[in-house]
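To keep things clear, I will list the structure first and then write my remarks on it.
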Amino acid sequence: MTNIMMKTASLQDDRPSLADIAVEISAMNKWYGEFHVLRDINLTVQRGERIVICGPSGSGKSTMIRCINRLEEHQAGKIVVDGIELTNDLKKIEEVRREVGMVFQHFNLFPHLTILQNCTLAPIWVRKMPQKEARELAMHFLEKVKIPDQAHKYPGQLSGGQQQRVAIARALCMKPRLMLFDEPTSALDPEMIKEVLDTMIALAEEGMTMLCVTHEMGFAQAVANRVIFMDRGQIVEQNEPKAFFGAPQSERTRAFLSQIL
Ligand code: ADP
Ligand code: MG
């Protein structure tokens, strides 16, 4: 067993693994009213894979990852997460959401709850975890993101970078099998970007399955198994980072990369 796999086992619990494939999206299409926002998306994510999604603003990146935990509904094709197909079945949606952690651009912490309460809320109410255990788990992850000393403050008392690390710790408290990140550093001042990226790199090194929408190409090069480029609702190109950055195949990818690199 490799070192990374052993670490994965310690990060996650003893639930049986349902599937080696974390996410399978096939022939998926989505419309907002008349607007065809996602076109024939096909994407298979193996367990333990780390995928970076990039592309111009408005290309459908957020919509695509929000479909994976049903924050948005798709109208055609199929999305299977951890062996569970996403349909209108609310029980299945809840089941998927318990396994999928999400971190947004704007942290989305509850302002009236302390950092610790933000982290224990879902484990207590959704996973029915005893309070003491939830608090211990929260402190464990707050230590991991290097802010245990902030546990009793409120989100408004923390910097943006600290708040985003709390958001990551909060998601981890649900023991997710998959983490979705939607531009987690794009609302942060430059000096705070690194501390959040370092947290994400540590998570990647522990074997977490991750889908990250980000334009942090250094991060992509350091941890991604695959980089996906989206444009106008389609996956235009995907490759391992070296080939993706070194020899982009499509003209649209080249044009995009020349703007951001
Ligand atoms: P990205 O994350 O790549 O910037 P989005 O997924 O947010 O792109 O948006 C893709 C397109 O869908 C954009 O043209 C956006 O204006 C549109 N869109 C996003 N959310 C909605 C919505 N709730 N209703 C209608 N159009 C939307
Ligand atoms: Mg977006």
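Every number here is computed from the coordinates shown, using simple stated rules; none is lab data. Because the structure is predicted, anything quoted here is derived from the model rather than measured. Note that we place each Cβ from the backbone using ideal geometry, even for glycine, and neighbour counts take in every protein chain shown.
If I filter segment 161-187 down to residues being under 12 Å from the mean Cα position of the chain (by Cα) and within 16 Å of ligand 1 (Cβ to nearest atom), which single residue comes out as nearest to residue 97 (Cα to Cα)?
180
Being within 17 Å of the chain's Cα centre (by Cα) and part of a helix (DSSP H, G or I) is the filter here; which residues of segment 65-92 pass it?
Answer for segment 65-92, where residues must be within 17 Å of the chain's Cα centre (by Cα) and part of a helix (DSSP H, G or I): 65, 66, 67, 68.
Which of the residues that make up segment 224-251 are within 16 Å of ligand 1 (Cβ to nearest atom), more than 22 Å from residue 203 (Cβ to Cβ) and touching a strand residue (DSSP E or B) at 6+ places or on another chain (Cβ under 7 Å)?
Scanning segment 224-251 gives 229, 230, 233, 234, 235, 236, 237.
Restricting attention to segment 48-79, which residues are free of Cβ contacts under 8 Å to residues at least 60 places away in the same chain and either on the phi > 0 side of the Ramachandran plot or more than 15 Å from ligand 2 (Cβ to nearest atom) (or both)?
58, 70, 73, 74, 75, 76, 77, 78, 79
So which residues in segment 94-114 are surrounded by fewer than 18 Cβ atoms within 10 Å (Cβ to Cβ) and not in a loop (DSSP other than H, G, I, E, B), if there are any at all?
94, 95, 98
Part of a loop (DSSP other than H, G, I, E, B), within 16 Å of ligand 1 (Cβ to nearest atom) and closer than 22 Å to residue 173 by Cβ - does that describe any residue in segment 49-62?
no
Would you check if there is a residue in segment 209-223 being closer than 19 Å to residue 142 by Cα, crowded, with 22+ Cβ neighbours inside 10 Å, under 13 Å from the mean Cα position of the chain (by Cα) and hydroxyl-bearing (Ser, Thr, Tyr)?
No, every residue in segment 209-223 fails to be closer than 19 Å to residue 142 by Cα, crowded, with 22+ Cβ neighbours inside 10 Å, under 13 Å from the mean Cα position of the chain (by Cα) and hydroxyl-bearing (Ser, Thr, Tyr).
What about residue 142, is it surrounded by fewer than 23 Cβ atoms within 10 Å (Cβ to Cβ) and aliphatic (A, V, I, L, M)?
no
How many residues are within 23 Å of residue 29 (Cβ to Cβ) and small (Gly, Ala, Ser) when one looks only at segment 224-259?
Summing the residues that are within 23 Å of residue 29 (Cβ to Cβ) and small (Gly, Ala, Ser) in segment 224-259 gives 2.
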